[in-house]
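Structure, as structure tokens:
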Amino acid sequence: MAGVLVFVETKDGKIKKVSREALSIGRKLAEAAGGDLIGFASDRSVAEDAGRCGAKKLYVAANIGPYLPETYAAAMEQVAGDAQPSVVLLGGSSNGRDLAPRLAAKLDAGVASDVDRLEWTGGKLRARRPVYSGKAFATVEVNSVPAVATTRPNAFPAEEGGSGAAEVVEITVDAKSKAKLLDTKVPEAGELSIAEADIIVSGGRGLKEAANFSLIRDLAHALGGAVGASRATVDAGWIDHQHQVGQTGRVVSPNLYIAAGVSGAIQHLAGMSSSKHIVAINKDPEAPIFRVADLGVVGDLFQIVPALTEEVKRAKAN
Amino acid sequence: MNSVVCIAQVPDTESRIKIAPDGRRIDETGLKFIVSPFDEYALEEAIRLKEKQAGDVTVLAFGPDRVQQALRECLARGATKALHVKGDTGDADALGIAKALAAAIKTVPHDVVFFGKQGVGTDNSLVGPMVAELLDYPQVNVVTHVEFGDGKVTAHREIEGAEETIECPLPAVITAQKGLNEPRYASLKGIMAAKKITIDIKSVADLGLQDTDIFNQRVTVVSLELPPEKSGGRKIDGADAAAAAREIVKYVREEAKAL
């Protein structure tokens, strides 16, 4: 029992950011726990990149096909059986969060979900995870071997720290999936998902009507960020729920969060207050959002947001 | 078509969380509990399926006695049967709860098992797929649309910036995302009808499981803490929009280093 196994997700021959983050913290855990950092991927062309991230070995199932939980859980179980890791990490993407519980049930393992801190201490994996959408933080210990965790996107820096390509170990997965992937649609081409965005610009009820979300979109596009929304705007049908930040939406922790016309209901604050830098624009100086904002601007969003979009474009042009 | 809807009872999303004296759990005193919001979409989908194709909708919860209140609410909305597996959720980890639910599901005729995509509160998003694995069923997680065909289900699964269409044979596990449907409220008639339904109560032992299967301590909570109170940062007057915009860009560039 040694080492750390990471589920390495790839896209177009590159390792995804969530997996880089998982590899980065995985390398530190492996140093503390003993053993190597190893990965599992469906694409062998990332072996060199995985090596740079610190992986010594990369298990590859070239025949596995697109992501489906049944076959990927079987593959990870097979790799875990061979490598006998102390810890299994998965980046908290849609697929990582889909796969971790299925795999854990196979391994009879405990899972710490959506963690933002991880350490190896006293021979165990200790993790911190936000609960009640960030209204509280739980520190948990995973007592099973292996211990499984999913990492919260953006919570761990993706630092490289290895040299040379990872050694590739080819595996064949015999498991069949009952579920079939028929189609993948990208409904809003070019729109960034709030789940992994570094910058989020959110709109609230202060926008007054659906059409005014264009102000938020313009600013988000100028900054290269994603569009977020309060529950009130989603429930009013102004914008799709995929944009909702908060307790019944997504809990996010981007580097920069700009909230315009969002008053800051408790469940919205819970979903975004762990963002690293928060700017709030609201005409009500008593709005709760100002309690969590690093920079609060009391004023009219219909004046300030377009001015800000222009200022950002100007700054980018220089 | 028979369905099982597994529900979690959670503190109202509007509540303020207080930590219990043991420093490991929340203080439940005075807390209002609700059916976890994502489970409402799961329940609604099952009720619609029943309305189209007949059959039973069994709501199932693992937890202390207070979960019967949540089961009653689901019966009032249109579920036809309810099953309570007794146990303290605070002492069980996700896989323990999944094992109890999987064993209970086996005792109920079903073609599909619905969950919410996560229990709001503990926010683990684990139990649905764990149950799928334990029962050897396919799963479709974070679903925004479902259609049932002859012995199969086609579901839309939400992923980062895209949507997958997945087809599986039944029985299958589906976890519901917001947007799947618009959940109904309970009608007075529904509330009255629900009162006549007896909630079936089972212990872990009744399901042929040992306490050690459920309360296995795969994960233990060491401590629970409130986040540090933020006092709020700098506040500026935005009457001059252009000046405010420059100030924000300066902050974004110098502090957040995002420009």
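At-a-glance table
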{"quantity": "Condition check for B:I201: touching a strand residue (DSSP E or B) at 6+ places or on another chain (Cβ under 9 Å), farther than 14 Å from A:A307 by Cβ, surrounded by 18 or more Cβ atoms within 10 Å (Cβ to Cβ) and more than 7 Å from chain A (Cβ to nearest Cβ)", "calculated": "no"}
{"quantity": "Yes/no for A:V279 being more than 22 Å from the chain's Cα centre (by Cα), facing chain B (nearest Cβ under 7 Å) and either closer than 28 Å to A:A158 by Cα or part of a loop (DSSP other than H, G, I, E, B) (or both)", "calculated": "no"}
{"quantity": "Filter result (facing chain A (nearest Cβ under 7 Å), under 30 Å from B:A98 (Cβ atoms) and buried (at least 16 other Cβ atoms within 10 Å of the Cβ)) within the stretch B:209-233", "calculated": "B:R218, B:V219, B:V221, B:L224"}
{"quantity": "Positions within the stretch A:88-118 being within 7 Å of chain B (Cβ to nearest Cβ), over 23 Å from B:P138 (Cβ atoms) and assigned to a strand (DSSP E or B), in sequence order", "calculated": "A:A112, A:D114"}
{"quantity": "From B:I159, B:I236, residue being over 25 Å from A:H243 (Cα atoms), within 11 Å of chain A (Cβ to nearest Cβ) and in contact with a helix residue (DSSP H, G or I) (Cβ under 7 Å, 6 or more places away or on another chain)", "calculated": "B:I236"}
{"quantity": "Residue match in the stretch B:85-94 (condition: away from every other protein chain (no Cβ under 14 Å), outside any helix (DSSP H, G or I), closer than 19 Å to B:F33 by Cβ and at pLDDT below 95)", "calculated": "yes"}
{"quantity": "Positions within the stretch B:27-72 being in a strand (DSSP E or B), of a type in the set (F, W, Y) and closer than 24 Å to B:L188 by Cβ, in sequence order", "calculated": "B:F33"}
{"quantity": "Identity of the residue in the stretch A:241-262, part of a strand (DSSP E or B) and over 19 Å from the mean Cα position of the chain (by Cα), that ends up nearest to B:Q118 (Cα to Cα)", "calculated": "A:A259"}
{"quantity": "Residues (charged (D, E, K, R) and either in contact with a strand residue (DSSP E or B) (Cβ under 8 Å, 6 or more places away or on another chain) or under 16 Å from A:E70 (Cβ atoms) (or both)) located in the stretch B:152-173", "calculated": "B:K152, B:R157, B:E158, B:E163, B:E164, B:E167"}
{"quantity": "Restricting the stretch A:246-263 to residues that are modelled with pLDDT of 95 or more and buried (at least 22 other Cβ atoms within 10 Å of the Cβ), the residue that is nearest to the other protein chains (Cβ to nearest Cβ)", "calculated": "A:L256"}
{"quantity": "Meets criteria (farther than 25 Å from A:K106 by Cα and modelled with pLDDT of 95 or more) for A:A75", "calculated": "no"}
{"quantity": "Positions within the stretch B:105-151 being farther than 22 Å from B:K50 by Cβ, in a loop (DSSP other than H, G, I, E, B) and in contact with a strand residue (DSSP E or B) (Cβ under 9 Å, 6 or more places away or on another chain), in sequence order", "calculated": "B:Q118, B:G119, B:V120, B:G121, B:T122, B:D123, B:N124, B:S125, B:L126"}
{"quantity": "Hits in the stretch B:184-196 (condition: more than 23 Å from the chain's Cα centre (by Cα) and either of a type in the set (D, E) or outside any helix (DSSP H, G or I) (or both))", "calculated": "B:K196"}
{"quantity": "Filter result (under 14 Å from B:A8 (Cβ atoms) and surrounded by fewer than 21 Cβ atoms within 10 Å (Cβ to Cβ)) within the stretch B:74-88", "calculated": "B:D88"}
{"quantity": "Top-ranked residue of the stretch B:25-72 - restricted to ones that are among the polar types (S, T, N, Q) and surrounded by 20 or more Cβ atoms within 10 Å (Cβ to Cβ), ranked as farthest from A:F137 (Cα to Cα)", "calculated": "B:T58"}
{"quantity": "Count - residues of the stretch A:285-318 that are more than 7 Å from chain B (Cβ to nearest Cβ), in contact (Cβ under 8 Å) with a residue 60 or more places away in the chain and surrounded by 20 or more Cβ atoms within 10 Å (Cβ to Cβ)", "calculated": "3"}
{"quantity": "The stretch B:164-182, subset assigned to a strand (DSSP E or B), touching a Lys or Arg at 6+ places or on another chain (Cβ under 9 Å) and crowded, with 18+ Cβ neighbours inside 10 Å, residue farthest from the other protein chains (Cβ to nearest Cβ)", "calculated": "B:A176"}
{"quantity": "Enumeration of residues in the stretch A:194-240 that are closer than 27 Å to A:E21 by Cβ, more than 15 Å from the chain's Cα centre (by Cα) and surrounded by fewer than 22 Cβ atoms within 10 Å (Cβ to Cβ)", "calculated": "A:H221, A:A222, A:G224, A:D240"}
{"quantity": "Any hit, the stretch A:263-276, residues being aliphatic (A, V, I, L, M) and assigned to a strand (DSSP E or B)", "calculated": "no"}
{"quantity": "All positions within the stretch B:239-258 that are more than 7 Å from chain A (Cβ to nearest Cβ) and surrounded by 13 or more Cβ atoms within 10 Å (Cβ to Cβ)", "calculated": "B:D240, B:A243, B:E247, B:K250"}
{"quantity": "Residue within the stretch A:299-314 that is in a loop (DSSP other than H, G, I, E, B), in contact with a Lys or Arg (Cβ under 7 Å, 6 or more places away or on another chain) and more than 20 Å from A:F137 (Cβ to Cβ) present", "calculated": "yes"}
{"quantity": "Qualifying residue in the stretch A:134-154 (condition: of a type in the set (S, T, Y), in contact with a helix residue (DSSP H, G or I) (Cβ under 7 Å, 6 or more places away or on another chain) and modelled with pLDDT under 95)", "calculated": "no"}
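Each row is one residue, and each column tells you yes or no for (1) at the interface with chain B (Cβ under 7 Å from one of its Cβ atoms); (2) in contact with a helix residue (DSSP H, G or I) (Cβ under 8 Å, 6 or more places away or on another chain); (3) assigned to a strand (DSSP E or B); (4) touching a residue at least 40 places away in the same chain (Cβ under 8 Å).
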| site | (1), (2), (3), (4) |
| --- | --- |
| A:A165 | no, yes, no, yes |
| A:V168 | no, yes, yes, yes |
| A:L181 | yes, no, yes, yes |
| A:S193 | yes, yes, no, yes |
| A:N212 | no, yes, no, yes |
| A:R217 | no, no, no, no |
| A:H221 | no, no, no, no |
| A:T233 | no, yes, no, no |
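Residues are listed down the side, and each one gets a yes or a no for (1) surrounded by fewer than 24 Cβ atoms within 10 Å (Cβ to Cβ); (2) within 15 Å of A:E167 (Cα to Cα):
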| site | (1), (2) |
| --- | --- |
| A:V8 | no, yes |
| A:K14 | yes, no |
| A:K17 | yes, no |
| A:K28 | yes, no |
| A:L37 | no, yes |
| A:S45 | yes, yes |
| A:R102 | no, no |
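The values are calculated or read from the model by the stated rules, or taken from the named source; none is laboratory data. Please read these numbers as outputs of a predicted model, since none were measured by experiment. Because the Cβ atoms are built from the backbone with ideal geometry, glycine has one as well, and the counts that use them run over all protein chains shown.
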